[in-house]
Each structure stands twice: as structure tokens, then as C-alpha cells.
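First the structure, in the form of C-alpha cells, and then the observations on it.
The values are calculated or read from the model by the stated rules, or taken from the named source; none is laboratory data. Only a predicted model underlies this, so the values are computations on that prediction, with no experimental measurement involved. Cβ placement follows ideal geometry from the backbone for every residue including glycine, while neighbour counts extend to all protein chains displayed.
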Amino acid sequence: MTMPSLRQAVRPAIYAHRLLSGDQERAGKLAAECEELLSLTRELVTAIGLAKLLDTRPAASTATAGTATAGTATAGTADSRQEQILDAYADAAMGWAKVIGSFTALAGTLLERGEWDEVRRLAGVLADAGEMSAASDLRAQLGKVIWASYDSRLRNITSTMTPAEITRAIAALRAILRDVPEDFPDRNAEVNRLLVPLAAAVQAVIRERRTDIPYDSRLGHIAAGGVAKYPEIVAMSLDELAAEFDGS
């Protein structure tokens, strides 16, 4: 692994301090995990500092290397120094791994508490610290949790919804697009799939109200699955459906 800079190393600690100071009533497991993270970060920073200090300290004088005995001693000293440097960097690497592990445990607690905004911030801190894979994994976990919280409402999206049900469906899909990370697998494609029955329901309500559908409306196109292949315009398509429904 690449050795983190001191700035990267203290990012988790800054986050933990902010989390603790932001709500004095936080207690129990969350507070304990924050304190553990702070302690591990202190150890990490000490290890990084020691490794850098050893790696930049001037080597011992070799002025006496003129004899075989002196040469052997110098070689032994160099080997010992090299081992010290390697051990120090190994300790720093292990310290970083412990910090990231502690950070991940903290994320799990935040997910359990439903603190989605904090999890997003935490994923951002991981990304800023260079842990892109861990940040991506955390965003995926967040996406699953949020999606599951709306699952029952999404399952109720059909082409025969009442106006009240349409309103709830639009709100649920907007929440998915707002709260579920954009890189969550198939997020936009799945919402696009649900736009088909939603558009059909909106179309039926408009006809029932005997309201004219504008000539340039894409309502029928969406209801027929015409935008299913274009997940990148899912938010725009949803906004169009909402506007058509509100206008009716």
C-alpha cells in the first residue's frame, strides 16, 4: 500500500471529532467507536512520523571503513538501520489498516442508526484519504439500505394507481434519486423501469379528468418504455411526468 500523508492520516480523526462535538448526547457504541478511531489515529501518526524520521536521518559515519573489520561493522549497521526503517513503515501500514477498519465499523453503526448524511460524509473522507475502494463499498452499502427503506412503496407503483398513490410514487422515486448514491448499480435503470407504469397511471388519470395532453408531451413515449434505454435522463423524465400530473 502507499503510505498515507499526515494530512490523509488525520482526516478520520477530524471526522470523529466533528461527529462527537456535533451532538453531545451521542453515547454508547458510537462514542466508543469514535474514541477508538481517535486512539488508533494517534498511534498511526506516531508510526508515520517515526518511519519518516528514520528514513531521513543521516546514515552513521563510514570514515573508519578502511579496514575489513570496520567494513563489516558498517555493513551490519546499515542492515540494522534498514530493518528499523522497514519495521517502522510496516507499523505505519498496519496502523493505517486499523484506522480504516475502525472507520468501517463506525460506518456500520451510522447505517444502523439511519444517519445517511453522516455515512455520505464518511465515504467522502475515505475517498479524500485515497481509499477509493472502501469509499465505493460504503456508498454501495448506503444505497442498499436506502433502497430497502423505500422497497414497499416502489413495489406499489403500477399503471392503475390513484392520484394519491401517484403522488406518493413520485415522492418515492425522487427520494431514491436524491438519497441513493449515483454510482449505486442500476439505480437509474431501475427508476427508469418504474417510470413506465407511473407514466401509464398519469396518462389514465389525465384522460379520466378529460384534460388534453399537450402535443409535445412525452407522456405516451415514457409509458411505452421509450426512455428505458436512456438512464442518464431519468431525473428529467421523472420531472416531466410530475409536471404533467400536476398540470392536470
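How many residues are among the hydrophobic types (A, V, I, L, M, F, W, C), surrounded by fewer than 18 Cβ atoms within 10 Å (Cβ to Cβ) and more than 25 Å from the chain's Cα centre (by Cα) if we restrict to the stretch 224-248? Residues meeting the conditions: 3.
Scanning the stretch 220-237 for residues that are in a loop (DSSP other than H, G, I, E, B) and charged (D, E, K, R) yields a count of 1.
If you filter the stretch 163-179 down to residues that are among the hydrophobic types (A, V, I, L, M, F, W, C) and out of contact with any Leu (no Cβ under 8 Å at 6 or more places or on another chain), you find that the one that is surrounded by the fewest Cβ atoms within 10 Å (Cβ to Cβ) is ALA164.
Within the stretch 200-219, identify whether any single residue is in a helix (DSSP H, G or I), within 34 Å of the chain's Cα centre (by Cα), of a type in the set (A, V, I, L, M) and under 19 Å from GLY247 (Cα atoms), and answer yes or no. Break it down into steps so the answer makes sense when it comes.
Of the stretch 200-219, the ones in a helix (DSSP H, G or I) are 200-208, 219.
Still in the running and within 34 Å of the chain's Cα centre (by Cα): none.
Within the stretch 200-219, not a single residue is in a helix (DSSP H, G or I), within 34 Å of the chain's Cα centre (by Cα), of a type in the set (A, V, I, L, M) and under 19 Å from GLY247 (Cα atoms).
Condition test on SER136, is it surrounded by fewer than 20 Cβ atoms within 10 Å (Cβ to Cβ) and at pLDDT 90 or above? No, not satisfied. Looking at the stretch 172-189, is at least one residue part of a helix (DSSP H, G or I), aromatic (Phe, Trp, Tyr) and in contact (Cβ under 8 Å) with a residue 24 or more places away in the chain? The answer is no; no qualifying residue exists.
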